[in-house]
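*Asks:* Encoded as structure tokens, here's the structure I'll be asking about.
Computed from the coordinates by the stated procedures, all read-outs in this text should not be read as laboratory data. Keep in mind the model is a prediction, meaning the values are calculated, not measured. Ideal geometry is used to build each Cβ from the backbone, glycine not excepted, and the neighbour counts take in all protein chains shown.
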Amino acid sequence: KGKRAFIAGVADDNGYGWAIAKSLAAAGAEILVGTWVPALNIFESSLRRGKFDESRVLPDGSLMEITKVYPLDAVFDNPEDVPEDIKTNKRYAGSSNWTVQEAAECVKQDFGSIDILVHSLANGPEVTKPLLETSRKGYLAAISASSYSYVSLLKHFIPIMNPGMLSLQLMTEILNLQYITHRYGGGMSSAKAALESDTRVLAFEAGRKHKIRVNTISAGPLRSRAAKAIGFIDMMIDYSLANAPLQKELSADEVGNTAAFLASPLASAITGAVIYVDNGLNAMGVGV
Ligand code: NAD
């Protein structure tokens with residue numbers, strides 16, 4: 001029987017979440033996605049209008065099916081957390097059940113269980129500011145949207161995850177990319193460091209308690225919507241081309257395929273790992 005995956009952080013066909021969905025679909029998984037509420041309408045209407053059809057093509061020629069799109073805002077755990085200005089915001093008012101807890105409940109009602117959980121989302125309102133100039137509010141917002149969102153997703157989805165399954169998140173290299181990542185500001189570098197550490201702690205807790213594996217892919221630079229918004233993604237790609245062991249542009253599919261491997265029984269002894277999918281750039285050290 002095919003596995004069922006819930007992928008949080010898909011709102012177009014350019015990012016890593018979409019590529020992971022495709023690789024999992026190609027391997028036979030049923031795909032559910034969680035889409036940020038403000039991006040939901042445009043994503044769903046683009047899907048319906050066939051705007052993504054070209055990028056839905058799988059290696060066997062068939063089209064990836066997304067069984068259901070769930071609205072999600074991973075910054076809020078339950079309705080009590082949602083402030084009035086968001087509740088009444090036009091972009092949120094048309095959707096319901098989009099806090100993490102409610103989304104997990106809806107998936108449970110609709111499908112009973114999942115086998116694979118993917119966290120492919122991040123947000124940092126002050127990402128273009130150096131850390132020294134970042135406000136407390138901006139820093140905490142980055143950690144909330146990019147790191148705690150993962151803890152929260154796992155916490156709420158783990159009761160409906162089948163044992164032996166995988167939970168996966170994406171992060172950016174931070175350790176060996178100082179040259180570039182000192183510009184990855186606003187607390188985003190901090191958020192990614194938290195994710196790296198949480199991978200190990202969550203792997204222990206989820207492994208012991210639920211027999212679930214927890215791994216992280218540290219991906220190289222990709223021209224996604226989020227990355228373009230930060231503004232120096234081309235420089236990061238050039239830096240990688242100039243310095244990485246493999247001098248080729250990274251494709252999102254290479255990250256998707258790694259996710260499919262990690263989600264498969266082929267990786268049944270891999271947990272608590274941060275896997276670099278970056279043309280080897282991480283191996284080059286700080287002083288390149
Ligand atoms: P992306 O724009 O495709 O994905 C980010 C998604 O997060 C978007 O769909 C956005 O709508 C969603 N999102 C933001 N705030 C949210 C919230 N509060 N609740 C729910 N969803 C929310 O861009 P991407 O680059 O593919 O990013 C996916 C992950 O990969 C992120 O964690 C990112 O940091 C990481 N990553 C990206 C790169 C890169 O160069 N693009 C490199 C390494 C890691």
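*Asks:* Given the options Ala206, Thr172, Ala26, identify the residue whose Cα lies farthest towards the positive end of the charge dipole of the chain (+1 on Cβ of Lys, Arg; -1 on Cβ of Asp, Glu).
*Replies:* Most positive-ward Cα: Ala206.
*Asks:* Quick test of the membrane-span-like rule: which DSSP H helices of the chain reach at least 27 Å along their long axis (C-alpha atoms) with mean Kyte hydropathy at least -1.0? Working shown, then result.
*Replies:* Numbers: long enough: 188-210 (30 Å, -0.37).
Both cut-offs are met by 188-210.
*Asks:* Also, I was wondering about something else. What is the set of long-range amide H partners of Ile7 at a cut-off below 5 Å, with H atoms built 1.01 Å from backbone N?
*Replies:* Under 5 Å from the amide H of Ile7: Leu32, Val33, Gly34, Val118.
*Asks:* Taking R0 as 25 Å, what's the FRET efficiency between Ser268 and Leu58 from their Cβ-Cβ distance, rounded to 0.05? Write down the numbers at each step before the final one.
*Replies:* Numbers: r = 25 Å, r/R0 = 0.98.
Efficiency at R0 = 25 Å is approximately 0.50.
*Asks:* How large is log10 of I(q)/I(0) for the range 38-178 at q = 0.19 Å⁻¹ when the intensity is taken from the Debye formula with one equal scatterer per alpha-carbon?
*Replies:* The Cα Debye sum returns log10 ratios of -1.33.
*Asks:* How would you classify the range 129-288 from its alpha-carbon gyration tensor, with a ≥ b ≥ c the square roots of the eigenvalues: rounded for a/c under 1.5, else prolate if a/b is greater than b/c, otherwise oblate?
*Replies:* Details: a/c = 2.15, a/b = 1.32, b/c = 1.64.
Judged from the Cα gyration tensor, the range 129-288 comes out oblate (a/c at least 1.5, b/c at or above a/b).
*Asks:* Okay, moving on. In the chain, how does Rg compare with the Kirkwood Rh, expressed as the Rg/Rh ratio over alpha carbon atoms? Each step should come with its number before you reach the end.
*Replies:* On the way: Rg = 18.1 Å, Rh = 19.2 Å.
Here the Rg-to-Rh quotient is 0.94.
*Asks:* State which entries of Lys192/Lys248; Lys68/Lys192; Lys3/Lys68; Lys155/Lys211 exceed 20 angstrom in Cα-Cα distance in the structure shown.
*Replies:* Details: Lys192/Lys248 25 Å; Lys68/Lys192 29 Å; Lys3/Lys68 15 Å; Lys155/Lys211 14 Å.
From Lys192/Lys248; Lys68/Lys192; Lys3/Lys68; Lys155/Lys211, over 20 Å: Lys192/Lys248; Lys68/Lys192.
*Asks:* Okay, moving on. Using the 10 angstrom Cβ neighbour count as an exposure proxy, how do Val33, Val151, Val107 rank, fewest first? Could the numbers behind the result be given before it?
*Replies:* On the way: Val33 25, Val151 18, Val107 22.
So the ranking, lowest neighbour count to highest, is Val151, Val107, Val33.
*Asks:* Hey, another quick one. When the helix-only estimate is applied to the chain (DSSP H runs of n ≥ 4, each -39,500 (n - 2.57), divided by the residue count), what is the mean residue ellipticity at 222 nm, nearest 500 deg cm²/dmol?
*Replies:* On the way: 12 runs with 116 residues, N = 288.
After summing the helix terms and dividing by residue count, I get -11500 deg cm²/dmol.
*Asks:* Considering only DSSP beta bridges with both partners in the chain, what is the antiparallel share in %, to the nearest 5? Walk me through the numbers on the way to the answer.
*Replies:* Details: 1 of 32 bridges.
Given both bridge residues lie in the chain, the antiparallel proportion sits at roughly 5 percent.
*Asks:* Now for a different question. Using the Karplus equation 6.51 cos²θ - 1.76 cosθ + 1.60 (θ = phi - 60°), what ³J(HN,Hα) coupling, rounded to whole Hz, does each residue of the range 271-280 give in order, writing x for Gly and Pro?
*Replies:* Along the range 271-280, the couplings run 8, x, 9, 10, 9, 8, 10, 8, 6, x Hz.
*Asks:* What ranking of Phe52, Phe157 emerges when the number of other C-beta atoms within 10 Å of each C-beta is taken as an exposure proxy, fewest first? Display every interim value, and only then the final one.
*Replies:* Working: Phe52 18, Phe157 24.
By the 10 Å Cβ count, ascending: Phe52, Phe157.
*Asks:* Now, a different point. Between the range 63-115 and the range 232-288, what's the alpha-carbon centroid distance in Å?
*Replies:* 30 Å
*Asks:* Hey, if you drop one equal point scatterer on each alpha-carbon of the range 78-127 and run the Debye formula without solvent, what base-10 log of I(q)/I(0) do you get at q = 0.15 Å⁻¹?
*Replies:* For the range 78-127, the Cα-only Debye profile gives -0.58.
*Asks:* Let me ask you something else. With +1 on the Cβ of every Lys and Arg and -1 on the Cβ of every Asp and Glu, and nothing else charged, how large is the dipole of the range 224-288 about its Cα centre, in debye rounded to the nearest 20? If you can, show how the numbers build up before the last one.
*Replies:* On the way: 3 positive and 6 negative charges, 26 e Å.
The dipole magnitude comes to about 120 debye.
*Asks:* Among the GluC sites (Glu not before Pro) in the range 1-85, which ones are in a DSSP loop with at most 12 other Cβ atoms within 10 Å of the Cβ? Mind listing them?
*Replies:* On the way: sites: Glu30, Glu44, Glu54, Glu65, Glu80, Glu84; in loops: Glu65.
Passing both the DSSP loop test and the Cβ count: Glu65.
*Asks:* Now, a different point. Taking the dipole about the Cα centre of the chain, with the C-beta of Lys and Arg at +1 and of Asp and Glu at -1, give me whichever of Gly94, Thr271, Pro83 is farthest to the positive side.
*Replies:* Thr271
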